[in-house]
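All remarks here apply to the structure that follows.
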Amino acid sequence: MLEKLGIETVRIDLPFRLNHVNCFMAEGETGWTVIDAGLNNTYTQNVWKERIGNKKVSDLFITHYHPDHFGHAGQLQQWTGARVSMSEIDARSALTVWEESYVENLYGHYKTSGIPEHMAREMVGNTGEFTSLVTPYPTIGHYFKEGEKLPIGRYEYEIIHAPGHSDGMVCFYNAEESVLISADHILPKITPNISYWFHGDDNPLQSYLASLESIKRLDIDFVIPSHGKPFHGANGRIDEIIRHHEDRLEDTLRSITDATTVYEACGRLFKMQLTVHETRFAIGETIAHLEYLRRAGECDRKFEEGQWIYYQK
């Protein structure tokens, strides 16, 4: 199916438990379009040098601001001169969240979440380590608009705003072949991380579930994800993801039977051994589920001795 669409996969390894990201290339009338870029490290640079060679790259589409998608965009733009396009929401995030002023503020947020001091400092340090993996920043030449049409390979795709995993994430939809380039919005084997990162949308899980329902109405056949292999049947997978979050919300509510910090709730929800990097995601996901429940009237919170305490109503 990818060959029919004129899309090539560029699999880039990642140094995490989630061990790869799928980027894409497609030839057009004015040159090649690249979708997403990987982290900016020597390995990724070599992958792109090999895959691009002497090809003319006219456009670089970034689906969202997370470092495994955005990180190498600036370096790739310098090499190719490509125009970089992404949503305005995520462009703002991409150019701010790895800056020292933002990273330094994370310590206070982690402390109000009940995270022990030594761990909070390690988590802040881990965030700061990504600065070198996302710089130099690209110059954003175009902001994607909802419903905008653009060519990718042999077909035209519509921009769909799909918030949740990030506030400004976009997917690319072709109605003719019933295809969705889904980025991290719909993945075949794992559920996308839905986290609150102390900026932007303060109820990302609500936004994510709403955007899943919106895409479900399109009844898409073929999904091309950023992690894992392409698959058929978007709606079946969407139903599985929704059920997962329904179950996770029940687990989260049970985790705050007693007055509980975010850190304590996280420990009850994530029982496996986590790296510092993974702990950042686990904390963010715990907050997203707690805040969904709070705004749905299922729980409440209070600020006590410098920490947010969640409890069932």
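The values are calculated or read from the model by the stated rules, or taken from the named source; none is laboratory data. Quantities reported herein were computed from a predicted structural model and do not represent experimental measurements. Positions of Cβ are backbone-derived with ideal geometry, glycine not excepted, and every protein chain shown enters the neighbour counts. Keep in mind that these areas ignore ligands, DNA and RNA; they rest on the heavy atoms of the full protein, side chains included. Shrake-Rupley method; radii C 1.70, N 1.55, O 1.52, S 1.80 Å.
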The range 200-227 - residue that is touching a residue at least 60 places away in the same chain (Cβ under 8 Å) and closer than 19 Å to D68 by Cβ and, of those, farthest from the chain's Cα centre (by Cα)
I224
Per-region count, the range 267-301, residues part of a helix (DSSP H, G or I) and either in contact (Cβ under 8 Å) with a residue 40 or more places away in the chain or β-branched (V, I, T) (or both)
17
Going by the structure shown, is C171 in a strand (DSSP E or B), in contact with a helix residue (DSSP H, G or I) (Cβ under 9 Å, 6 or more places away or on another chain) and open to solvent by less than 20 Å² (accessible area, probe 1.4 Å)?
yes
Per the filter on the range 24-39, residues among the hydrophobic types (A, V, I, L, M, F, W, C) and more than 17 Å from L150 (Cβ to Cβ) are A37, L39
Among the residues of the range 128-153, write down those that are without any contact (Cβ under 8 Å) to a residue 12 or more places away in the chain and within 20 Å of the chain's Cα centre (by Cα).
E129
Please go through (1) out of contact with any Phe, Trp or Tyr (no Cβ under 9 Å at 6 or more places or on another chain); (2) at pLDDT 95 or above for T252 and return the number of the only condition it doesn't satisfy.
(1)
Count, please, the residues in the range 264-281 that happen to be among the hydrophobic types (A, V, I, L, M, F, W, C) and either touching a strand residue (DSSP E or B) at 6+ places or on another chain (Cβ under 6 Å) or crowded, with 20+ Cβ neighbours inside 10 Å (or both).
2
Restricting to the range 207-263, and then to whatever is among the polar types (S, T, N, Q) and touching a Lys or Arg at 6+ places or on another chain (Cβ under 6 Å), can you tell me which residue is least open to solvent (accessible area, probe 1.4 Å)?
S255
Test result for E129, farther than 22 Å from E177 by Cβ, modelled with pLDDT under 95 and open to solvent by 40 Å² or more (accessible area, probe 1.4 Å)
yes
Considering only residues that are buried (at least 21 other Cβ atoms within 10 Å of the Cβ) and of a type in the set (G, A, S), look in the range 86-113 and name the one that is nearest to R280 (Cα to Cα).
S113
Considering each residue of the range 132-161, count those that are assigned to a loop (DSSP other than H, G, I, E, B), open to solvent by 50 Å² or more (accessible area, probe 1.4 Å) and touching a strand residue (DSSP E or B) at 6+ places or on another chain (Cβ under 7 Å), and give that number.
3
Within the range 185-197, does at least one residue satisfy the condition of being farther than 23 Å from M123 by Cα, surrounded by fewer than 18 Cβ atoms within 10 Å (Cβ to Cβ) and touching a residue at least 60 places away in the same chain (Cβ under 8 Å)?
yes
Which one is modelled with the highest pLDDT, of the residues in the range 14-42 that are over 16 Å from L187 (Cα atoms) and surrounded by fewer than 14 Cβ atoms within 10 Å (Cβ to Cβ)?
T42
